[in-house]
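Notes follow the structure.
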Amino acid sequence: MSVELRDRFFALSSGQAADGEVARYRAEVDATDSEPAATLDGLGISWHPTSRHKAVRFIEAERIDADVRELFARPSEGAPHLAAVFVDPRELSFRTFENIVPLDRLFADVPLELGLTEPDELGKGAYASSVQLPDAARAGLERLDSLDLYVPPLNASSRGGERFIFHSALLAEALTRAVAAGLPEAMLDGFSHVNPVFRCNRFEPGDSNFHHHRDTPYYDAARGHVSRYTVLLYLTGGSAEPALDLTGGPAVTDIEPFTCVIFDQRYEHEGAPYRDGRKVFLRTELVFSQPEVTHDPDIGAQFSKACYWTGESVFAPELARHADAYYNQVAAAHWSGLVPGAAREPFVHKQFRGVHFLANGYDFWFPKSEALSLAECAAITLLDYFNCKLGDAAFHDLCDSEVIEAEGADSSWIPAFLDARRGESAVPPFDKSGLFPEPEETDDVCCPFHDGGRFDPTRLDEIVDLYERTQTFAKAHIMPAPILMLGEDVVLDPEKFVIRGNQIHVLGKQPLTPVNFAACWNSGGTPDNYIDVAATVGAAHFLVPPILFTESDDCYHLQFDFFRNTWMVNHQQSTVPVPMIRQVSEADIEEFDEGFDEDEAYPWMDAVDPSLVVGGSGKRTAKLWWADDSPLVDELYDFLTERDDYGDHDDYEDDKDEDKEEEEG
């Protein structure tokens, strides 16, 4: 049934099916509720659609756990390295809203020798050129449309057509050379490169327009980079009235294939489908070095609201128009300053396990009470902002929510609104040291074989030694975390929320203790047979700007600007097994010697989240940002690799024995 659901999804995606057939399929999907096959980037992924997992995404297949990888379809003939996965849109967060597909391998063997003809000036700050390129490069770019990687955009209410987002450094480098050689010198002052993130857009005749909007400029404070011009590379030609309209500037009616239009990002613009034929174009931008810019905190606040309402529109679609309005307001403000927006603004009233709060993506209000600390308010703000997972459920799924529209500038109504909705604590403080009890004192016992039936693994020096090391590994990921998920319960470490003046600093990074894995054992299994999982703890690490706050007699008001331009930011959530020493019988040891499941023989080792040690393809993962320069992860990786290699050797020996038996037979 699941295979049929998977395959029918792609068959019906062609758009040729009758409405009745599509309706029956959707009903079957709505009646299918199964657990995800794996977890990737914090998202549960299913290989077929279910009542919850309805959003399709494309990822590199090698990132999926090898045990289930073959279940996932690879529907794109032109990009067989990509697997289609289905996710629950309610689990999306800022890290996962956009599905950026790596496509450099598509251009690896393509001669990307691009050139631009002398540009025609369409109007002030707007130019058009023809792209000159070899036939192989033209075919490579045209092949993008046939990959069929299109997914509905998050802002589908304000734009027509379909799109997918991809990354290609090779294509960006080729366009960078073409732009540097072909555009007027006055335009290129400070030019750095073409953004390697591209949006491939497709419109059919009759689709809705991509309504008037401004492109949000790219900005990288660390490198002093900002985008100034939008680049549209049309892969197909056609006509419309007009096909591209730059408000207050030129309008383009007829477009030839492989026309490149470049215009100042100050322009508000609208695009329309062609009257006849498919419209396919790529969008990116020209990035410039601009080390000195001024900052307006109010622009950052509006951008935070725009991003927040994008996520909340999954639950309340009417919020999408507010997100678009904020994005356009911010894009204009980058060039000409912030102007007042609509008088009435949206707020969301949420209730999480008895705690009520109001939010708009930048401001978070909580009722002041003895039961609710500032640290807990900050923790709930982070859980909500990043839509963290508590057990198997996303934070947003665990909240009761309602949208409220009110006067944005006047928040005097909020304290009274919350005063009538006071509750108890939902994120209590927790002493993490209780997860790591001290080991027993070791004695002179040797091993199960020599101890005559009196063997106590909790007192054997080699088991205790490994136990302490596994504790160190778990502590390295758990102790620095300000927030822990114990199943569906969530707790906080008060020491990680430091209040200074009007700021709440959320601490995270701690140095790790070096650990060396010894390997000395005589008989009766190996030490890792005796290390079991006492608990599985979700650790949420945050590297974020300080959270500002004010307080009145009856209300806490927090302000959180995650996207503040002067900060490099990150967030990661993982699960960490807490070790304990278990008893292992002689019968268990015999089973381990004869053949076993790793989760039974090495329960703690098997329970370690692979993302903490290796990537989905078995390759070494990048160092975690809170575990810099520590040999601990290095040595656990080597330890696990050695064990896996030993298992592969056993498989190889078994294969040789089977081959020998076949020859003798």
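State which entries of LYS368/LYS389; LYS305/LYS496; LYS54/LYS350; LYS54/LYS389; LYS475/LYS496; LYS54/LYS279 exceed 22 angstrom in Cα-Cα distance in the structure shown. Write out the running numbers ahead of the final one.
Working: LYS368/LYS389 26 Å; LYS305/LYS496 26 Å; LYS54/LYS350 25 Å; LYS54/LYS389 18 Å; LYS475/LYS496 15 Å; LYS54/LYS279 27 Å.
Long pairs (Cα-Cα over 22 Å): LYS368/LYS389; LYS305/LYS496; LYS54/LYS350; LYS54/LYS279.
Between THR247 and SER13, what is the FRET efficiency for a Förster distance of 35 Å, r being their Cβ-Cβ separation, to the nearest 0.05? Present the calculation step by step, with values, prior to reporting the outcome.
Values: r = 35 Å, r/R0 = 0.99.
Rounded to the nearest 0.05, the efficiency is 0.50.
If R₀ is 56 angstrom, what is the calculated FRET efficiency for the pair GLU185 and ALA343, using the beta carbon separation as r and rounding to 0.05?
On the way: r = 46 Å, r/R0 = 0.82.
Plugging the Cβ-Cβ distance into 1/(1 + (r/R0)^6) gives 0.75.
By the gyration tensor of its Cα atoms, with a ≥ b ≥ c the square roots of the eigenvalues, what is the shape of the stretch 269-368: rounded for a/c under 1.5, prolate for a/b over b/c, or oblate? Before the final figure, lay out the partial values.
Numbers: a/c = 2.50, a/b = 1.42, b/c = 1.76.
Because a/c hits 1.5 or more and a/b fails to exceed b/c, the stretch 269-368 counts as oblate.
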Mean separation of Cα contacts under 8 Å (6+ apart) over length of the stretch 105-289, as relative contact order %: 26 percent
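By how many nm would the segment from GLU256 to ASP397 lengthen if fully extended, with 0.36 nm per residue of separation less the alpha-carbon distance? Numbers along the way, then the final one.
Working: separation 141, 0.36 × 141 = 50.76 nm, distance 4.76 nm.
Computed gain between GLU256 and ASP397 is 46.0 nm.
Arrange the peptides 23-30, 35-42 so that the one whose residues have, on average, the most other Cβ atoms within 10 Å appears first.
On the way: 23-30: 14.1, 35-42: 17.8.
Packing proxy ranking, top to bottom: 35-42, 23-30.
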Gyration tensor (alpha-carbon) shape descriptor, the stretch 224-269, a/c threshold 1.5: oblate
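Pull out the extension gain between ALA136 and SER433, defined as 0.36 nm times the separation in residues minus the alpha carbon to alpha carbon distance; nm, one decimal.
Values: separation 297, 0.36 × 297 = 106.92 nm, distance 6.18 nm.
That works out to 100.7 nm of additional length.
If r is the Cβ-Cβ distance from ARG421 to ASP65 and R0 is 56 Å, what FRET efficiency results, to the nearest 0.05?
Numbers: r = 43 Å, r/R0 = 0.77.
About 0.85, to the nearest 0.05.
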Per residue Cα convex hull volume in Å³ - calculated over the stretch 1-45: 91 Å³
In Å, descending, principal axis extents of the Cα set of the stretch 105-289: 40, 40, 33
Pairwise centroid distance, computed over Cα atoms, of the stretch 457-481 with the stretch 163-191, Å: 52 Å
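Considering only the other residues whose Cβ falls under 12 Å of the Cβ of PRO102, what net charge follows from Lys and Arg at +1 and Asp and Glu at -1?
Once positives and negatives cancel, what remains is -1.
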Gap separating the Cα centres of the stretch 14-55 and the stretch 317-341, nearest whole Å: 34 Å
HN-Hα J in Hz across the stretch 487-496 - Karplus 6.51, -1.76, 1.60, θ = phi - 60°, x for Gly and Pro: x, 8, 7, 10, 9, 10, 9, x, 5, 8
Contour excess over end-to-end distance, with Cα ends at ALA31 and GLU204 and 0.36 nm allotted per residue: 59.1 nm
Relative contact order %, the stretch 239-327, counting alpha carbon pairs below 8 Å whose residues are six or more apart: 21 percent
SER552-ASP461 pseudo-label distance in nm [points 7 Å out on the Cα-to-Cβ vector]: 6.7 nm
Residues ASP465, ASP67 arranged by fewest to most Cβ contacts within 10 Å: ASP67, ASP465
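Using the 10 angstrom Cβ neighbour count as an exposure proxy, how do HIS225, HIS48, HIS505 rank, fewest first?
Details: HIS225 18, HIS48 24, HIS505 15.
So the residues, fewest neighbours to most, are HIS505, HIS225, HIS48.
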Separation of the GLU407 and ALA371 label points, Cα + 7 Å toward Cβ, nm: 3.2 nm
Estimated vicinal HN-Hα couplings, Hz - the stretch 132-149 in sequence order (Karplus 6.51, -1.76, 1.60; Gly, Pro = x): 9, 7, x, 4, 5, 5, 4, 5, x, 6, 5, 5, 4, 5, 6, 5, 6, 9
For the stretch 1-149: relative contact order, % (alpha-carbon pairs under 8 angstrom, 6 or more apart): 18 percent
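Each value in this text was obtained by applying a stated rule to the coordinates, not by laboratory testing. These figures come from a predicted structure and were not determined experimentally. For neighbour counting, all protein chains shown are included, and Cβ atoms are generated from backbone atoms with ideal geometry for every residue, glycine included.
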